[in-house]
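Worksheet for the structure shown next.
The values are calculated or read from the model by the stated rules, or taken from the named source; none is laboratory data. All of these numbers come straight from a predicted model, not from anything done at the bench. FYI the Cβ positions are ideal-geometry reconstructions off the backbone, even for glycines, and counts take in every protein chain you see.
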Amino acid sequence: MQLITITDRGTDASRETMADLGLARLLSAAAQGDINACFDLGVAFSTGSSGAECDLIEAHKWFNLAAARGHEEAAHCRADIADEMTAREIAEAQRRARQWLAQDARRAA
């Protein structure tokens, strides 16, 4: 019985590690300008998947960044979650998107 318990804990820890790695890969790809990674980050944060906590501000930010680079579905997703957000939350998401773009410009320079 104890072996099963240890194995189950190991499995949960492995899943968390894999999810964290997935999120890290998406963040790295987004930093390199991958619009699909930006969209996937929006999905992750809007659903609480891939190792991300559910956070509509972060989701809006990533959908906004993907939409600004031409991802049409991201624009629709951004509009959908904006319906569930306050004006202050949307403003914060936009501020974070601008901050990401400013950091991206500095990385490129």
Hits in region 27-59 - residues which are under 18 Å from residue 101 (Cβ atoms), within 9 Å of the chain's Cα centre (by Cα) and not charged (D, E, K, R): 27, 37, 38, 39, 41, 42, 45, 59
Residues within region 28-65 that are at pLDDT below 95, touching a Leu at 6+ places or on another chain (Cβ under 8 Å) and hydroxyl-bearing (Ser, Thr, Tyr), tallied: 1
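Yes/no per residue for (1) of a type in the set (A, V, I, L, M, F, W, C); (2) touching a His at 6+ places or on another chain (Cβ under 7 Å); (3) assigned to a helix (DSSP H, G or I):
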{"position": "39", "(1), (2), (3)": "yes, yes, yes"}
{"position": "52", "(1), (2), (3)": "yes, no, no"}
{"position": "58", "(1), (2), (3)": "no, no, yes"}
{"position": "61", "(1), (2), (3)": "no, no, yes"}
{"position": "85", "(1), (2), (3)": "yes, yes, no"}
